[in-house]
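Heads up: the structure comes next, in structure tokens.
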Amino acid sequence: MYDLIRPLLFALDPETAHGLTLYASDVAQRSGLSHLIAKPPADLPTTVFGIDFPNPVGLAAGLDKNGEHLDGLAALGFGFVEIGTVTPRPQAGNEKPRMFRLPAHEAVINRLGFNNGGIDALVRNVEKATFRGVLGINIGKNKDTPNERAIDDYLLCLERAYPLASYITVNISSPNTQGLRDLQEEETLRRFIGELREAQERHAGRHGTRKPMLLKIAPDLTEAELDAIAEVLLASGIDGVICTNTTIDRTAVAGDPNAHQTGGLSGRPLFAKSTAVLRGMHARLAGRLPIVGVGGILDGDSAAEKMEAGAALVQVYSGLIYRGPKLIAEAVAEIRRRGILA
Ligand SMILES: Cc1cc2nc3c(=O)[nH]c(=O)nc-3n(C[C@H](O)[C@H](O)[C@H](O)COP(=O)(O)O)c2cc1C
């Protein structure tokens, strides 16, 4: 089905195609037709950071920034759905065009810049949804909040998202909010995660339930930076790490007509780099913290390789643009076939 409509979607600008696809998944779900768009994946249950997942293949952050399409997306067969990045106040994001396809590389470059309706709108959307699956809420800061006060934005989003989320992702790795990645610096990160961890424990006490908190990191970190981050993570008592966000490196797409576009590169050319960071993190954490692997999963093999490199769960985004929702069942099937979770 998706193979038939892909040429039509690719004739539209990427953001329009994106909106149309989300709308179509909602309509399909409401009319009970989601099975026509995507064959449901096999069951492959797994438990990670205390949460039971029906399968280990989830939707990465950024597709449903406001949690407006939870029911439609869930019906496609994801084992979990991560919404956001959400910021305290609504913001428009960068000027359009700000999303570009690189079809020869099965890649995307985006510089959306956390366009979203703000945390209050996201909370209302999640409360309205009938979705009862595993829900990640990915939090960030507003563009006009300076880094010195970034913690206030994250604390506010954490407080509001906490009761609704199955887990929270702290995103400090988008390349499209100026200075955001500086929060990955060792001493800054230590203080930053420390404050969020204290808040997490307070919310756990108040709500009588502890929700895991994960940190999402960039693929553009040096070995020394990865050493420092791993040390901070282990000392902090955080629950897990997501490897990785998009890259600012263009080596893998050199010569493409869109390679010069500013923003984060995702899709197939990100696979090697994000998997290397995942493998390196896995070695450093030595099984003490679970890792979610994301970046360049385009088929069953790449999903299974992420798991073999040390991921306990995987997420997809760009692969959905190029392969459609059948990617979910394919990924689950290959992970199952290789007996990775057995
Ligand atoms: C258009 C677009 C928007 C994204 N927005 C976000 C976001 O808001 N927050 C975030 O943490 N990651 C965001 N990402 C990154 C993805 O979640 C993922 O980490 C990255 O795209 C690598 O996975 P992929 O190669 O499967 O796309 C975005 C990616 C794309 C392509």
Placing one equal point scatterer on each C-alpha of the chain and summing with Debye, one gets log10 I(q)/I(0) at q = 0.08, 0.09, 0.10 Å⁻¹ equal to -0.33, -0.42, -0.53
Filtered hits (lysines, Cα-Cα < 16 Å from Lys128, offset >= 8 within chain) -> Lys65
The chain: longest segment with zero exposed trypsin sites (Lys or Arg not before Pro), where exposed means DSSP loop plus at most 10 other C-beta atoms within 10 Å, is residues 133-287
Contour minus Cα-Cα span, Arg288 to Ala272, at 0.36 nm per residue, comes to 3.4 nm
Between the alpha carbon centres of the stretch 202-233 and the stretch 28-66 the gap in Å comes to 24 Å
In this structure, the FRET efficiency calculated for Leu4 and Lys128 from their beta-carbon separation, with R0 = 30 Å, to the nearest 0.05, is 0.40
Its Cα gyration tensor gives the stretch 229-342 an equivalent ellipsoid whose semi-axes in whole Å, largest first, are 24, 20, 10
For Glu308 and Ala342, extending 7 Å from Cα along the Cα-Cβ vector and measuring point to point gives, in nm, a value of 1.5 nm
Excluding residues fewer than 8 positions from Lys39 in its own chain, the aspartates and glutamates with Cα under 19 Å of it are Asp3, Asp26, Asp71, Asp299, Asp301, Glu330, Glu334
Expressed as a whole-number percentage, the relative contact order of the stretch 2-337 with C-alpha contacts under 8 angstrom and at least six residues apart is 18 percent
Any DSSP H helix in the chain with Cα axial reach of 27 Å or more and mean Kyte-Doolittle score of at least 1.6? Listed by number, the hits are none
Checking the stretch 206-260 for GluC sites (Glu not before Pro) in a loop per DSSP with at most 16 other beta-carbon atoms within 10 Å yields none
Expected unfolding gain across Lys39-Glu148 under the 0.36 nm per residue rule, minus the alpha-carbon gap, is 34.5 nm
Over 20 Å (Cα to Cα) among Lys143/Lys211; Lys273/Lys306; Lys273/Lys326; Lys141/Lys216 -> Lys143/Lys211; Lys273/Lys326
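For the chain, what does -39500 (n - 2.57) per DSSP helix run (n ≥ 4), summed and divided by total residues, give at 222 nm, in deg cm²/dmol to the nearest 500? Let's see the in-between values first.
Numbers: 12 runs with 136 residues, N = 342.
It lands at -12000 deg cm²/dmol.
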Low-density loop GluC sites (Glu not before Pro), the stretch 33-102, at most 15 other Cβ within 10 Å, DSSP non-H/G/I/E/B, are Glu95
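Coordinate-derived values only; no laboratory data. As the structure is a computational prediction, the values presented were derived from the model and not from experiment. Heads up, the Cβs are rebuilt from the backbone with ideal geometry, glycines too, and the neighbour counts pull from every protein chain shown.
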